[in-house]
1. Pairs under 7 Å by beta carbon, first residue exposed (fewer than 15 other Cβ atoms within 10 Å of the Cβ) in region 22-50, partner not polar (S, T, N, Q), six or more apart or different chains?
2. Restricting region 34-60 to residues that are modelled with pLDDT under 95 and part of a loop (DSSP other than H, G, I, E, B), which is farthest from residue 8 (Cα to Cα)?
3. Out of the residues in region 96-110 that are among the charged types (D, E, K, R), part of a helix (DSSP H, G or I) and at pLDDT below 95, which is farthest from residue 84 (Cα to Cα)?
4. How many residues does region 111-133 hold that are in a helix (DSSP H, G or I), within 18 Å of residue 152 (Cα to Cα) and either touching a Leu at 6+ places or on another chain (Cβ under 9 Å) or among the basic types (Lys, Arg) (or both)?
5. Using the structure shown, decide if residue 171 is of a type outside the set (A, V, I, L, M) and either surrounded by 17 or more Cβ atoms within 10 Å (Cβ to Cβ) or closer than 27 Å to residue 50 by Cα (or both).
6. Considering only residues that are surrounded by 15 or more Cβ atoms within 10 Å (Cβ to Cβ) and free of Cβ contacts under 8 Å to residues at least 60 places away in the same chain, look in region 136-152 and name the one that is farthest from residue 70 (Cα to Cα).
7. Regarding region 13-28, can at least one residue be identified that is closer than 17 Å to residue 181 by Cβ and among the hydroxyl-bearing types (Ser, Thr, Tyr)?
8. Picking from 156, 106, 149, which residue would you name as being of a type in the set (S, T, N, Q) and either outside the structural domain of residue 68 (by TED's automatic domain parsing) or in contact with a Leu (Cβ under 7 Å, 6 or more places away or on another chain) (or both)?
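The values are calculated or read from the model by the stated rules, or taken from the named source; none is laboratory data. Everything numeric here is computed off the predicted structure, so don't read it as measured data. Reconstructed Cβ throughout: ideal geometry from the backbone, glycine too, with neighbour counts over all protein chains shown.
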Amino acid sequence: MAFIELVPIDKATGSRLEVYQEVERVRGKGRLSNLFKGYGAFPALAMANFKRLGVLLGEGALSAKLKEGIMTALAEINHCEYCVSFHATAMLAAGADDQEVQGALTFDPDKLGLNEKERALFDYAMRANGDPHSITQEDIDDLKALGVTDAELVETLETVNTGNGFNLFAGALGITADDFLTYLKDR
């Protein structure tokens with residue numbers, strides 16, 4: 001049970017309702033997540049975060065499967081069951097299978113069905129999350145030798161940043177998995 005009121009869509013008004021309608025316009029009717037119901041308490045921030053998430057997941061060079069794999073792994077690290085269910089479901093939608101989801105949950109890039117460059121970026125994301133100050137120029141040079149661009153480094157780090165931010169938000173406010181999520185829910 002959430003620690004703050006998650007106003008249902010039929011009770012939302014004003015700017016909160018506008019946010020809810022935008023989420024449903026993009027994701028489909030009935031797919032307003034509890035996370036964005038929570039953010040609805042601050043509608044301008046909710047809309048900014050929803051747009052930011054749309055840019056992160058809908059644009060850039062990295063595959064949705066890699067980005068969702070990173071977010072699934074971060075959710076596991078951060079003990080965010082809601083986020084595990086949400087991002088593991090999104091991993092499946094991005095073409096992953098159960099074994100690949102398990103690879104993300106066990107932080108094993110070799111089980112994610114990724115190419116060499118993507119596996120290296122997954123490892124980079126996990127290292128950056130654990131101790132960003134341990135990353136060296138040599139680490140970046142190794143990634144660039146695999147063809148990683150500056151934009152892909154930024155995209156990877158923003159995936160880590162966004163995943164951790166949403167994990168913190170959901171965890172600190174007791175936000176639980178949505179009714180429309182079933183994969184890895186209540187595991």
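1. Close Cβ pairs satisfying both conditions: 26/54; 30/180; 31/24; 31/180; 41/4; 45/39.
2. Ranking the candidates gives 60 first.
3. 110
4. Looking only at that region, the number is 14.
5. In short, yes.
6. 139
7. Looking for residues that are closer than 17 Å to residue 181 by Cβ and among the hydroxyl-bearing types (Ser, Thr, Tyr), one finds none in region 13-28, hence no.
8. Selected residue: 156, the only one of 156, 106, 149 that is of a type in the set (S, T, N, Q) and either outside the structural domain of residue 68 (by TED's automatic domain parsing) or in contact with a Leu (Cβ under 7 Å, 6 or more places away or on another chain) (or both).
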